[in-house]
Amino acid sequence: MPFTEELVVACRRQFPALSRRVGEHAAVYFDGPAGTQVPQRVIEAISDYLAHHNANHGGVFHSSRESDVVLDRAHQAAADLLGASDPDEVYFGANMTSLTFALSRALAQNWKQGDEIIVTRLDHDANVTPWVLAAKDAGAEVKYVDIDPADCTLNQSDFRAKLSDRTKLVAIGCASNSVGSINPLAEMTKLAQEQGALVFADAVHYAPHARIDVQAWGVDFLACSAYKFFGPHVGILWGKRSLLESVTPYKLRPAPNNLPGRWMTGTQNHECIAGVLAAIDYLADIGRILANDDSLSRPAALDGAMQGIREYEQELVTELVAQLEQIADIKVWGITDASRFDERLPTVSITHARRTPEEIAIALDEQGIFVWHGNYYALQLTETLGLEPDGMVRIGLTHYNTPEEVKRLISALRHL
Ligand SMILES: Cc1ncc(COP(=O)(O)O)c(C=O)c1O
């Protein structure tokens with residue numbers, strides 16, 4: 001079964017926020033890249049945890065044991081979402097940024113003067129600055145992979161030129177949270193590992209749009225954030241068992257030394273981790289509906305769900321970009337050639353010849369259309385494109401958006 005309008009309606013019905021109104025307008029949420037809305041079952045999972053299973057980790061009494069069952073199920077669900085075979089290789093934390101700061105500190109204990117790391121000018125700063133600061137403390141050198149400004153993709157020859165046997169770590173985004181470009185992660189990972197470097201992938205922007213597969217991609221670490229894929233505010237990090245066991249984390253003395261506990265700093269946000277489990281099951285259920293098979297395993301269901309979502313979003317973004325390109329004052333940044341849309345996600349950044357991004361975001365909000373403006377922390381990119389300090393306007397589509405919402409946006413932009 002394809003991802004039909006009927007299925008979109010059924011999905012939308014599950015999200016209380018999507019029935020919001022702004023004055024006379026139905027609200028349109030195009031702010032997904034900054035955080036998606038959540039289905040009712042996520043809200044219920046969080047309150048159910050707090051009402052019935054609220055306890056600290058590792059006790060021998062009923063509520064603590066129940067709480068640990070929820071946490072274990074969440075580790076398994078997150079492993080399924082990321083294509084990992086071992087639930088203990090997945091750990092939770094406050095958000096991707098905090099997890100990346102902690103991991104970068106830990107890895108940098110093994111870096112020294114003369115070592116190099118590689119970051120990119122396409123990434124969110126959470127996949128740049130933690131590595132830059134860790135390298136600075138270790139005396140290692142930082143190399144930046146440039147972008148091709150014409151289509152906002154990573155310049156692969158620049159990457160190859162900067163990679164060497166001195167490279168200790170390469171930090172790459174799966175896709176840009178600003179212009180949607182998808183990076184050839186598996187190829188870049190292979191090249192980096194041939195030089196002995198570790199690869200850290202930032203899948204925060206990618207996760208709600210397409211299937212993540214840590215094993216097929218071969219990366220060493222991968223981070224994402226549940227609030228970008230219909231869950232609550234929790235960060236998720238996956239790493240290869242051998243690395244998570246051999247690298248020394250900054251941890252408290254009585255904290256566990258085994259996986260995943262040795263990387264989970266302090267008491268976790270258990271209620272929201274229960275919500276992460278519900279968000280992943282929401283996605284898996286889309287796959288079961290698409291396959292018309294309630295018994296589909298979660299990994300197989302997630303395969304189908306993400307493929308269906310990707311195809312639906314590709315149709316939406318194709319229409320969006322085609323319509324935007326017809327508005328004379330608007331420039332669309334990134335890949336605009338529809339024959340290359342398998343290289344991008346449905347996240348579109350624009351600028352306007354006469355209006356600032358902030359003015360556009362305010363004008364759209366008056367019509368109930370929510371978009372982000374500025375640099376969305378992809379600061380290297382806006383600096384490279386000469387778009388600071390105003391940045392761009394970001395229209396972030398997700399599977400709960402509709403062709404009618406895209407039409408409303410285009411009409412509002414035409415009448416600016
Ligand atoms: C691509 C990307 N990476 C990292 C982050 C930071 O994630 P978090 O808010 O979980 O720290 C974001 C947040 O917008 C993002 O879009």
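Quick notes on this structure:
- Prolate/oblate/rounded call for the range 121-196, Cα gyration tensor, a/c under 1.5 rounded: oblate
- Shape category assigned to the range 125-283 from the gyration tensor of Cα positions, a/c cut at 1.5: oblate
- For the range 144-207, the Cβ-based charge dipole about the Cα centre amounts to some 220 debye (Lys, Arg positive; Asp, Glu negative; other atoms uncharged).
- Magnitude of the charge dipole, the range 205-287, Cβ model with Lys/Arg +1 and Asp/Glu -1, debye to 20: 340
- Listed by chain and number, the lysines whose alpha-carbon sits under 20 Å from that of Lys407, ignoring those within fewer than 8 places in the same chain, are Lys331.
- Mean Kyte hydropathy of -1.0 or more with a Cα span along the axis of at least 27 Å, helices from DSSP in the chain: 62-82, 270-291, 298-325
- Estimated purely from DSSP H runs of n ≥ 4, each contributing -39500 (n - 2.57), the mean residue ellipticity at 222 nm for the chain is -12500 deg cm²/dmol once divided by its residues.
- Cα centre as origin, Lys/Arg/Asp/Glu Cβ charges: the chain dipole, Debye: 780
- Selection among Leu381, Leu302, His270 by position relative to the dipole of the chain gives His270 as farthest towards the positive end (Cβ unit charges, Cα centre).
- Cα-based reach from Lys112 at 20 Å (exclusive), listing lysines while leaving out same-chain residues under 8 positions away: Lys136, Lys143, Lys162, Lys168
- Overall form of the chain per C-alpha gyration tensor (a/c, 1.5; a/b vs b/c): oblate
Every number here is computed from the coordinates shown, using simple stated rules; none is lab data. Since we're looking at a predicted model, the values are computed, not measured. Positions of Cβ are backbone-derived with ideal geometry, glycine not excepted, and every protein chain shown enters the neighbour counts.
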